1. Out of all the residues in segment 1-49, which are aromatic (Phe, Trp, Tyr) and closer than 12 Å to LEU61 by Cβ?
2. For segment 22-78, give me each residue that is surrounded by 17 or more Cβ atoms within 10 Å (Cβ to Cβ) and small (Gly, Ala, Ser).
3. For ALA94, only one of the following conditions fails: (1) more than 30 Å from GLU160 (Cα to Cα); (2) assigned to a helix (DSSP H, G or I). What is its number?
4. Of the numbered conditions (1) aromatic (Phe, Trp, Tyr); (2) in contact with a helix residue (DSSP H, G or I) (Cβ under 6 Å, 6 or more places away or on another chain); (3) farther than 23 Å from VAL15 by Cβ, TRP37 fails exactly one; give the number of that condition.
5. Among the residues that make up segment 60-73, is at least one of them over 30 Å from ARG155 (Cα atoms) and polar (S, T, N, Q)?
6. Taking segment 103-127, which residues are in a loop (DSSP other than H, G, I, E, B) and of a type in the set (Gly, Ala, Ser)?
7. Considering only segment 128-150, I want to know if a residue exists there that is modelled with pLDDT under 85, closer than 28 Å to ILE98 by Cα, assigned to a helix (DSSP H, G or I) and polar (S, T, N, Q).
8. Condition first: among the polar types (S, T, N, Q) and in contact (Cβ under 8 Å) with a residue 12 or more places away in the chain. Can you find one or more residues in segment 131-140 that meet it?
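The values are calculated or read from the model by the stated rules, or taken from the named source; none is laboratory data. All values derive from a computational prediction rather than experimental measurement. Positions of Cβ are generated from backbone atoms using ideal geometry, with glycine treated the same way; all protein chains shown enter the neighbour counts.
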Amino acid sequence: MATHKRENDLFSQRVKSERESRGWTQRQFAEMLGWHWTTAAKVENGQRSVRVDEAAMIADLFGVSLDVLLGRKANLRTDVAYILRSMQQDASKAAHEIGGLLDDIQDWFMELEAARGVQVVPRSDVTPEMTREHTMWQPLGSAVGTVLRDLHSARDALHEIARFEPRHDTGRRRSEKRNRSNDKS
């Protein structure tokens with residue numbers, strides 16, 4: 001029973017520490033979990049235990065494993081897999097959001113061009129007024145082009161993260177390497 005109390009106290013302390021390290025108030029933390037702020041305060045003060053699903057929800061919100069919140073020694077393989085999986089989920093979501101943003105920016109720019117009555121004309125038909133107007137709008141077009149290029153690059157990089165598959169080195173390969181190096185001696 002004493003161990004259970006100690007684990008609850010440690011959990012409460014770590015939850016508070018994680019929340020404070022992010023600069024969140026108890027009210028903000030509670031809202032993110034769909035709780036009333038007094039519930040968050042009671043959890044942090046050790047006056048309320050959490051269910052397993054609540055503990056998992058808190059760990060997910062902080063992006064840490066339950067072992068971290070419980071103060072247990074980390075299992076490197078499990079923690080790395082958890083971190084990688086979380087990172088991939090976030091990257092996939094961000095790539096999708098960037099895709100929507102790219103579409104919106106392209107649509108807005110095309111609508112702006114249409115509203116301005118921009119049309120392709122032979123160079124010989126370009127008037128001084130057209131040149132002045134083009135010069136006035138050129139910085140916006142350049143900025144939009146830069147944003148679109150950078151967003152495409154970011155989306156592509158996020159897709160790579162989301163698809164990443166680590167190569168697993170087996171213990172057999174490591175022992176073979178050791179044996180080969182011992183044979184050379």
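1. Once the filter is applied, which keeps residues that are aromatic (Phe, Trp, Tyr) and closer than 12 Å to LEU61 by Cβ, segment 1-49 yields TRP24, PHE29, TRP35.
2. The answer is ALA30, ALA40, ALA41, ALA55, ALA59, SER65.
3. (1)
4. Looking at each condition in turn, TRP37 falls short on (3).
5. no
6. The answer is GLY117, and nothing else.
7. Yes: one or more hits.
8. The answer is no; no qualifying residue exists.
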